[in-house]
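Undergrad: Here you go, one structure.
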Amino acid sequence: MQRSSSWVPPGTDLDRPNAARIYDYFLGGSHNFPADREMARQAISLWPDLPMIMRSNRAFLRRAVQYLAGEGITRFLDLGSGIPTFGAVHEIAQEVHPETRVVYVDMDPVAVAHSRLLVRDDPHVEVVEADVRDPYGLLAQAPVAELLHPGEPVAVLLVAVLHFVSDEADPPGIVAALRDALPPGSALALSHASLEGRPDQAGAHQELYARTRTPLTMRSRAQITAYFDGFELVDPGVVYLPEWRPETPDAVGPHPERMTGLAGVGRRP
């Protein structure tokens, strides 16, 4: 067993890989252990672009939060948040508005426990254990209800989440339930693994995740765009990850489709 540190909850099994810590490793973070790094290396051997895709997705999250904070939103609901490290939502948003409130939600008790230790000193941040597949149960959680109660705009973040939700769980219905609970002026920021861009790799990517507890369902641009029903899409609409409001024109690169993900932001009228 590896030695623990201040951000690790007592009783954590450090010898068993954890999806949230593996994602942290892909991002270049330090909140991971040898077991997580070994599984990540196995995944990279099958899909060499994975770290680049993960970082592109995280960069979209950063740009989307910066944009929404710049638009005056001071309440964020981050669903499927994992471990809030390495450019966490509350850090990005609070650079614009120091009083910004953030509620992180994840179904993984290990990620939730890690998260609570990491943000315990910030009174504006809370962490909830809930499953996005049960949107009404999620919305009934006290920290979430309190975030929505004042009627101020709330930004819901579904970044790299819905491709882990099967068709049987009705992802469009989940988004609609969340949308209907949001005050006017609220927003949805979403990214999703897509069948487009690299169809030659789609099968291998889904097969890789089929070996884990979180199988992947890649979807088309039309399916992903439909999640924004009831929202007004912000320019440039639903595009490949690097194409959503890049910081510089050359940041997109010659082949944005290699990111195998689509992203967009919408506002609720």
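Undergrad: Quantify how much of the Cα-Cα distance distribution of segment 133-195 extends past 15 Å, in percent. Spell out each step's value before the answer.
TA: Details: 1037 of 1953 pairs.
Above the 15 Å cut-off, segment 133-195 has 53 percent of its Cα pairs.
Undergrad: What is the distance in Å between the Cα centroid of segment 217-245 and that of segment 148-182?
TA: 14
Undergrad: Can you report the principal axis dimensions of segment 49-267 using only the alpha carbons, biggest first, rounded to whole angstrom?
TA: Principal extents (Cα only, largest first): 46, 37, 33 Å.
Undergrad: Can you list residues from other chains, or at least 5 along the same chain, whose modelled amide H is less than 5 Å from the amide H of Val159?
TA: Close amide H contacts, sequence-distant or interchain: Leu79, Ser191.
Undergrad: Further, regarding this structure: First obtain the Kirkwood hydrodynamic radius of segment 1-155 from its Cα pairs, then insert it into the Stokes-Einstein equation at 10 °C and 1.306 mPa s, and state the resulting D in µm² per second as a whole number. Present the calculation step by step, with values, prior to reporting the outcome.
TA: Details: Rh = 16.4 Å.
After rounding, the answer is 97 µm²/s.
Undergrad: Placing +1 at every Lys and Arg Cβ and -1 at every Asp and Glu Cβ, with all other atoms neutral, what dipole size does the chain have around its Cα centre, in debye to the nearest 20?
TA: Working: 24 positive and 35 negative charges, 88 e Å.
For this selection, approximately 420 debye.
Undergrad: Additional query: Select from His163, His97, His192 the residue whose mean-square fluctuation is largest in a Gaussian network model of the chain (Cα-Cα springs shorter than 10 Å).
TA: The residue that fluctuates most here is His97.
Undergrad: Right, next: In percent, what relative contact order does the chain have, based on Cα pairs under 8 Å that are 6 or more apart in sequence? All intermediate terms of the calculation are to be shown ahead of the outcome.
TA: Values: 475 pairs, mean separation 46.1, N = 269.
In percent, rounded to a whole number, it is 17.
Undergrad: Please list, in order along segment 111-119, the HN-Hα scalar couplings obtained from phi with the Karplus expression 6.51 cos²θ - 1.76 cosθ + 1.60 (θ = phi - 60°), rounded to whole Hz, x for Gly and Pro.
TA: The phi angles translate into 4, 5, 5, 4, 4, 4, 5, 5, 10 Hz.
Undergrad: Taking DSSP loops as anything outside H, G, I, E and B, show the longest stretch in the chain free of trypsin sites (Lys or Arg not before Pro) there with at most 15 other beta carbons within 10 Å. Mind dumping the intermediate values first?
TA: Numbers: sites that count: Arg3, Arg120, Arg211, Arg213.
It runs 4-119.
Undergrad: Rounded to the nearest 5, what is the percent of antiparallel bridges among the DSSP beta bridges in segment 49-267? List each step's numbers first, then the result.
TA: On the way: 11 of 30 bridges.
Among the beta bridges of segment 49-267, antiparallel pairing accounts for roughly 35 percent.
Rule-based calculations on the coordinates, nothing more; no lab input. Everything numeric here is computed off the predicted structure, so don't read it as measured data. Every residue, glycine among them, receives a Cβ derived from its backbone with ideal geometry; neighbour counts consider all protein chains shown.
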